Amino acid sequence: MSILRFLGFGGDEASSNTHSSDSETVRRIVKELEAMDRDKARYLAAFAYVLSRVANADLDISDMEIKKMEELVTRFGRLTEEHAVLVVQIAKSQTLLFGATEDFVVTREFKEMATHEQRKELLHCLFAVSAADDSISSAEEEMIRRISDELGFDHDEYINIRSGYNHLRDVMKNLPGSS
């Protein structure tokens with residue numbers, strides 16, 4: 001199965017490398033991604049998709065959030081920048097097109113394939129994406145909390161990780177005496 005098909009971009013025609021509208025660079029990247037180990041491709045696809053859920057929590061995926069997602073997918077997926085850009089763009093498109101129906105399913109799949117440490121890394125990455133603009137909105141925080149539950153974290157684990165980002169949380173910035 002091609003990574004594009006796994007991410008929901010059509011059937012056999014999506015895995016073809018002969019789309020006349022694709023540049024040579026896009027065709028090369030798609031070919032390399034399709035050659036990737038299937039489990040790694042599934043992991044990266046789910047990882048990027050869950051990141052895009054948080055980026056879209058406020059119904060706007062900013063350029064700063066996209067850049068942060070690309071950086072995280074590059075680092076944690078050990079991908080080239082070109083591959084990360086493609087993976088993030090596909091995940092972003094899928095989130096915008098099918099988010100409401102796919103969110104829980106993809107997050108559950110990630111939970112099943114990831115170790116506890118990988119899920120903790122993802123939770124940290126979710127805060128990093130939401131803080132790409134130096135602020136974590138209430139909508140983003142609520143989405144992270146929901147994803148945390150879906151990933152199987154208990155309240156204490158979530159609070160422990162979130163505490164590292166308190167200085168960026170909008171709700172904390174608005175407290176009397178905070179500056």
>> Quick check: Cα centre of region 77-91 to Cα centre of region 130-165, how many Å?
In response: 24
>> Just to be sure I understand the model, the point goes 7 Å from the Cα along the line to the Cβ. What's the resulting residue 118 to residue 39 distance in nm?
In response: 0.8
> Hey, can you rank 32-44, 129-141 by average C-beta count inside 10 Å, highest first?
Replying inline: 129-141, 32-44
> Given H placed on each backbone N at 1.01 Å, which residues far from residue 169 in sequence or on other chains put an amide H within less than 5 Å of it?
Replying inline: 136
>> Using all alpha carbons of region 118-179, what is the percent of pairwise distances in each 10 Å bin, ordered from the shortest bin to the longest?
In response: 23, 56, 19, 2
>> I'd like the accessible area for residue 75: 1.4 Å probe, protein heavy atoms, all chains in place, Å² to the nearest 10.
In response: 140
> How large is the dipole of region 37-179 about the Cα centre if only Lys and Arg carry +1 and Asp and Glu carry -1, each at its Cβ, rounded to the nearest 20 debye?
Replying inline: 220
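Once the Cβ-Cβ distance between residue 101 and residue 154 is put in as r, and R0 is 25 Å, what FRET efficiency do you end up with, to the nearest 0.05?
My answer for the efficiency is 0.40.
The values are calculated or read from the model by the stated rules, or taken from the named source; none is laboratory data. The structure displayed is predicted, hence computed values, not measured ones. When we count neighbours, we look across all protein chains shown, and the Cβ atoms used for this are built from the backbone with ideal geometry, even at glycine. Quick note on the areas: whole protein, heavy atoms, side chains included, nothing else; ligands and nucleic acids left out. Shrake-Rupley method; radii C 1.70, N 1.55, O 1.52, S 1.80 Å.
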